[in-house]
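So the structure is just underneath, and the comments pick up after that.
The values are calculated or read from the model by the stated rules, or taken from the named source; none is laboratory data. What you see is a predicted model; the values in this text were computed from it and never measured. With ideal geometry, Cβ positions are generated from the backbone for all residues, glycine too; neighbour counts draw on all protein chains shown. Note: accessible area is taken over every heavy atom of the protein model, side chains too, but ligands, DNA and RNA are not part of it. Shrake-Rupley method; radii C 1.70, N 1.55, O 1.52, S 1.80 Å.
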Amino acid sequence: MLEELTIKDFALIESDYLEFDKGFTVLSGETGAGKSILIGALSFLLGGKADVHLIRNGKSEASVSAVFYVKPQPVRQNLTDEDEPLNASEWLFKHGITLENDRVLLRRFIRDSGKTGAWIDDTPVTRTDLAQFSSFLIDIHGQHEHQSLMKVPEHRKFLDAHAGIQAKVAEFTEKYALLVSKRRLLDEFSSSESERLRKLDMLSFAVKEIAEAKLKKDEDIELENEEARLSSYEKIFSEAEEINSLFSGTDSGVVDALKKALRNSSRLAEMDKSLEKLNERLESCFYELSDISEEFSSYQNGLVFNPNRLTEVQERLSLIYNLKKKYASSVNAPLSEVFDYFEKAQKYLEEYGDGDDKRSKLETEIKVLEKDVLARAAEISSLRKADAQKLNTQINAVLATLGMNGTNFCVSITDKPGSQVEQKCGPYGKDDVEFLISANPGNPPLPLAKIASGGELSRVMLALKTIFADSDNVGTLIFDEIDTGIGGEVAVAVGSHLKKLAQNRQIFCITHLASIAVYADNQIKIEKSVTGGITSSNVFVLDEEKRVVEIARMLSGDSENAQSLEHARAMLKKYHGGI
C-alpha cells in the first residue's frame, strides 16, 4: 500500500508531500490542472522512462520518492538465483534487502544532464530492478505503463490463479525440467560415437595425468617464491651479510653505538627528569634494533645453497606449467583452473563412461517421464479450459455493468506447436494462454493491446481486477481515464465496482465524474496556479466541506451554486455515507 509520496520539481509540480490512506481515493480537478502529472510522477518512480523534459522549468533535477507498506509474504526455503521471485518479500530476500517495520522507501531522480539514479531503501538499483520490484506493489491502468494484464505471459498466471491450480503447475514445471535435462543428457550420448569415445579417452588421460601430479593448492605460487630465493642465493647472502655488518660491526656497529648512547642517556635522565621520556624512547629503539639484528643474523646463518633442491623446484614448476598449458586458460592462470578441469572431466567420465548402459537406462526413464508429463499437461489444460468458460462469463457480466454491454471477453487457449513432447509442452504445460476481447458486436476477438480507447482499456482492467481480486497480490491499483465516454448509470456502476474492489485493495482513480468520485473514501484535488509568470500544479487532500465544494464543481461547473452544493451533499450521503 502506498503511504507517502514526495514529488520535487517534476513537470509542473514544484514540491508536494502527500500521505495516503487505504481504501478508495479519487483524484479530481479542472481539465489541464495536472491530474495525470501525479500519475506520471508515480510511473517515473516505478521504473518508467526518464526524460529531461520531466524536470520543472528552470530546475536542474526532478525527484520522486514514496513509502510503501509491504505485507509480509512467504519466501521459499529453496529459493535460488535462477528462480523468479513470486512476491515482493522474495524479491527483497534475493537482493539482500531487509525491511524495517514492513515499510520500503523507493527513490528516483533525473538531472538535466540526463543522469538518473534509483534506490530501494539504501540499496542502489537499476531501472529494470525498480520496475520488477514495484510490479509487486502497484499497477497503473490507462494510458500509462505498469499494465501487468497487458503482458501476455501474465495471462496464464492469472488464469491458473483463478482456477486454483498453481500447485499442479509448479509440480508440472519440476517434471518438465527433469525431462528436459534427461533429454539433453541423451543427446550427448546420441552424438557421434567416435567423438564420444575420443572425448572419453582424452579426459581419461587428463584425469590420470593430473591425479599423478598430486598437486597442492597454491603450490605454484610457493614454488615460484622458493625458486626466486634459491636462484638469488649469492645476492641474498651478500645483502644479509652487509646488513649484519652494519648492525654488529666491530668498529661502528649500530647496536653497539646505541648501547653506548643509551648508557649516557640513562645517566642524563637520572640528573634531569625531563629527559626520562626521551630516554625511554631511546631504550625502546635499542631493544627493537637489537632484536632485528639478531633475526637478520639468524637468517644469514640459516642460508644454505642447495643446487639439488633448485633443480627439483624447477622441474616441478615445469610440470605445473605444462599442466596449465593443457588444462587452464593460460600458463599464467591460477592453479585452481587445473583443479576445476579435473573435477569437470571426472564428472563427465562418471556420466558418460558406460555409454550403452546409461543410454538404455536414460531412454527408459525418458519414456516414463514423457508419458507422465503429457498426462499432467492434458489434466492442466482441461482444468484451464473449464475455468476459462467461467472466467469469460464472470468478466462479461462485469463489463456489461460498466457500459460495455456489447463487449465480448474470452480466454484463448491453444496448443503449443510441434510434434515432439518437448515442443508441445513448455515449462507450464501444453497451452498458450491469451486474453482476447471484441469491443464491438460482430468483430473478432483481438488481443487486449489492440484496444484503442484508454477508457475501454481501464474498464476492462477494472473488470479483470474485480474478478481476480482474491488471487492478485498487487496491493495498489491506479485507474486513469476510466470514465472516458461514460456517464449516468454506467458511471455509478463504475464507482460501485471501485468501492467494492477497494475493500481489499488500495484504489486510486482519476475522474471528472461526480458519480464516481462520491464513492471514494478520500478525495485529492489538483489545481493549476500561476505565480510570477510561472505555472504550477498543486495537490490538496480535501476535508469534508471542501469535498462538497469540489463535488458541486464536478456536477455543474459551479462550486458556489446552492443547488449544486445541496446536490453534492445528497450524493455524498447516499453513496459515501458522510456529510
Over the chain, what is the relative contact order in percent, taking alpha-carbon pairs closer than 8 angstrom and at least six residues apart?
21 percent
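Can you tell me how much longer the chain between VAL530 and ASP256 gets when fully stretched, taken as 0.36 nm per residue apart minus their C-alpha distance, in nm with one decimal?
89.7 nm
Among MET554, MET150, what's the order by accessible area (1.4 angstrom probe), most exposed first? Before the final figure, lay out the partial values.
Numbers: MET554 25, MET150 50 Å².
Correct descending sequence by accessible area is MET150, MET554.
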Set LYS151/LYS416; LYS208/LYS324; LYS208/LYS347; LYS208/LYS361; LYS199/LYS325 screened for pairs whose C-alpha atoms are more than 20 Å apart
LYS208/LYS361
Angle in degrees between helix 219-231 and the longest Cα principal axis of the chain, rounded to the nearest 10:
30 degrees
Shape box of region 473-569 [Cα atoms, principal axes, largest first, Å]:
46, 33, 27
Could you work out the mean projected area of the convex hull around the alpha carbons of region 335-408, in square nanometres to one decimal?
10.5 nm²
Tell me the label-point distance for the pair TYR348, GLU82, using the 7 Å Cα-to-Cβ offset, in nm and rounded to one decimal.
2.0 nm
Nearest-ten-degree value, helix 336-352 long axis tilted from longest Cα axis of the chain:
60 degrees
In vacuum, with every alpha carbon of region 42-111 counted as one equal point scatterer, what does the Debye formula give for log10 I(q)/I(0) at q = 0.19, 0.25 Å⁻¹? Two decimals, please.
-0.83, -1.08
Under the classification rounded if a/c is under 1.5, otherwise prolate if a/b is larger than b/c and oblate if not, where does region 99-142 fall, given a ≥ b ≥ c as square roots of the Cα gyration tensor eigenvalues?
oblate
Full-stretch length increase - LYS71, HIS53 - with 0.36 nm per residue and alpha-carbon distance subtracted:
3.0 nm
Rounded, prolate or oblate (a/c below 1.5 giving rounded, otherwise prolate when a/b exceeds b/c) for region 524-579 by Cα gyration tensor:
prolate
How tilted is helix 166-190 with respect to the longest principal axis of the chain? Cα atoms for both, answer in degrees (0 to 90, nearest 10).
50 degrees
For the residue pair GLN563 and LYS390, what label-to-label distance in nm results when each label sits 7 Å from Cα along the Cα-to-beta-carbon direction?
5.1 nm
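Measuring with a 1.4 Å probe in the full set of protein chains, what accessible area per residue, in whole Å², belongs to the chain?
Values: 31290 Å² over 579 residues.
The answer is 54 Å² per residue.
Not counting the cut sites, what is the longest span of the chain without GluC sites (Glu not before Pro) that DSSP labels loop and that have at most 12 other Cβ atoms within 10 Å? It would help to have the intermediate numbers written out before the result.
On the way: sites that count: GLU82, GLU560.
That gives 83-559 as the longest site-free run.
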Loop-resident chymotrypsin sites (Phe, Trp or Tyr not before Pro) in region 224-314 with no more than 11 other Cβ atoms inside 10 Å, DSSP not H/G/I/E/B, are PHE305
For region 241-316 the translational diffusion coefficient, Stokes-Einstein from a Kirkwood Rh over Cα pairs at 4 °C and viscosity 1.567 mPa s, in µm²/s, is roughly 87 µm²/s
Per DSSP loop assignment and a cutoff of at most 16 other beta carbons within 10 Å, the chain keeps its longest run without exposed trypsin sites (Lys or Arg not before Pro) at 218-579
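Averaged across orientations, what area in nm² does the convex hull of the alpha carbons in region 9-141 project? All intermediate terms of the calculation are to be shown ahead of the outcome.
Numbers: hull surface 37.7 nm².
Hull-based average projected area comes out at 9.4 nm².
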Gyration tensor on Cα atoms of region 82-226, a ≥ b ≥ c root eigenvalues, a/c under 1.5 rounded, else prolate if a/b beats b/c, else oblate, says oblate
If I model a spin label at SER204 and GLU100 as a point 7 Å from the Cα along the Cα→Cβ vector, what separation in nanometres do I get?
6.4 nm
So what is Rg over Rh here for the chain, counting just Cα atoms and using Kirkwood for Rh?
1.22
